[in-house]
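J.: Dumping the structure here so I can ask a few things about it.
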């Protein structure tokens, strides 16, 4: 037979469980729609990548970091190196972080690793090391999803993002910029060659990056 004190204890335990459940659901609801603090004009942003970040395929000043700087008011440092891979780029990251102390690093890498037939898991590992080093510096990360590039792209139709980028962004809790580059490189009118945008393509890339950053809260 259950005593009155036993009933009270059970009721109290039940109430505590309900309150705990309500608290957890409230936290989830708040965090699900939360946004990152916006970065004001003048903020230093590091565009870290390969020839696409450098702007190969367009005239000087028509690269995406320049277009993004004009649109956002940020001080965007173009740290794109033509031919760079995610594997090799890790070596030059620390000096750049120390020199510029950016609040945000936009990472666009992996295309050259794919061209060299590097397995996707290894590319993801290299990118993960870069992302974690940036986060450890205190900067935010925006990861540009890259398709698995091939010089024979024309024979296989439209491109799509390699899934490693969405996986990595979710695992590390960073901003993902999906489909923008894949869509650009799938359009003849937006490409200078099989693997590089032209001036119109870079402008669209900057717009796509800014839209994703605005959705995250980083851009106003």
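Conditions (1) modelled with pLDDT under 95; (2) farther than 19 Å from residue 177 by Cα; (3) assigned by TED's automatic domain parsing to the domain that holds residue 125, marked per residue:
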residue	(1), (2), (3)
25	yes, yes, no
38	yes, no, no
49	no, no, yes
52	no, no, yes
55	no, no, yes
68	no, no, yes
76	no, no, yes
91	no, yes, yes
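J.: Quick one: in region 97-115, which of the residues that are assigned to a helix (DSSP H, G or I) and touching a residue at least 12 places away in the same chain (Cβ under 8 Å) is nearest to residue 130 (Cα to Cα)?
T.: 97
J.: Would you call residue 97 farther than 25 Å from residue 58 by Cβ, crowded, with 16+ Cβ neighbours inside 10 Å, assigned by TED's automatic domain parsing to the domain that holds residue 186 and touching a strand residue (DSSP E or B) at 6+ places or on another chain (Cβ under 9 Å)?
T.: It is true that residue 97 is farther than 25 Å from residue 58 by Cβ, crowded, with 16+ Cβ neighbours inside 10 Å, assigned by TED's automatic domain parsing to the domain that holds residue 186 and touching a strand residue (DSSP E or B) at 6+ places or on another chain (Cβ under 9 Å).
J.: Sticking with this structure for a sec: Residues 125, 151: which one is at pLDDT below 95 and surrounded by fewer than 21 Cβ atoms within 10 Å (Cβ to Cβ)?
T.: Working: 125 fails: at pLDDT below 95.
Criteria check complete, one pass: 151.
J.: Residue 141 fails exactly one of the following numbered conditions: (1) modelled with pLDDT of 95 or more; (2) assigned to a helix (DSSP H, G or I). What is the number of that condition?
T.: Tallying (1) modelled with pLDDT of 95 or more; (2) assigned to a helix (DSSP H, G or I), residue 141 fails exactly one: (2).
J.: Something else: Take region 82-95 and flag every residue that is more than 18 Å from the chain's Cα centre (by Cα) and outside any loop (DSSP other than H, G, I, E, B).
T.: Selection gives 88, 91, 92, 94, 95.
J.: Only one of these conditions is not met by residue 121: (1) over 22 Å from residue 202 (Cβ atoms); (2) in a loop (DSSP other than H, G, I, E, B). Which number is it?
T.: With respect to (1) over 22 Å from residue 202 (Cβ atoms); (2) in a loop (DSSP other than H, G, I, E, B), residue 121 is out only on (2).
J.: Also, quick follow-up: Any residue in region 150-168 that is assigned by TED's automatic domain parsing to the domain that holds residue 82, out of contact with any helix residue (DSSP H, G or I) (no Cβ under 8 Å at 6 or more places or on another chain) and within 23 Å of residue 74 (Cα to Cα)?
T.: no
J.: Then there is this: Would you check if residue 109 is surrounded by 20 or more Cβ atoms within 10 Å (Cβ to Cβ) and within 21 Å of residue 68 (Cβ to Cβ)?
T.: When the stated conditions are applied, residue 109 passes them.
J.: State the number of residues belonging to region 184-220 that are assigned to a strand (DSSP E or B) and over 21 Å from the mean Cα position of the chain (by Cα).
T.: Final tally of qualifying residues: 1.
J.: Where residues in region 79-93 are in contact with a helix residue (DSSP H, G or I) (Cβ under 7 Å, 6 or more places away or on another chain) and surrounded by fewer than 19 Cβ atoms within 10 Å (Cβ to Cβ), which of them is farthest from residue 41 (Cα to Cα)? Full working, then the answer.
T.: Residues of region 79-93 in contact with a helix residue (DSSP H, G or I) (Cβ under 7 Å, 6 or more places away or on another chain): 79-87, 89-90, 93.
Subsequent filtering for residues that are surrounded by fewer than 19 Cβ atoms within 10 Å (Cβ to Cβ) retains 81-83, 90.
On the way: 81: 26, 82: 28, 83: 31, 90: 28 Å.
Looking at the filtered set, the residue picked out is 83.
The values are calculated or read from the model by the stated rules, or taken from the named source; none is laboratory data. The structure displayed is predicted, hence computed values, not measured ones. A quick note on method: Cβ atoms are made from the backbone with ideal geometry, for glycine too, and the neighbour counts reach across all protein chains shown.
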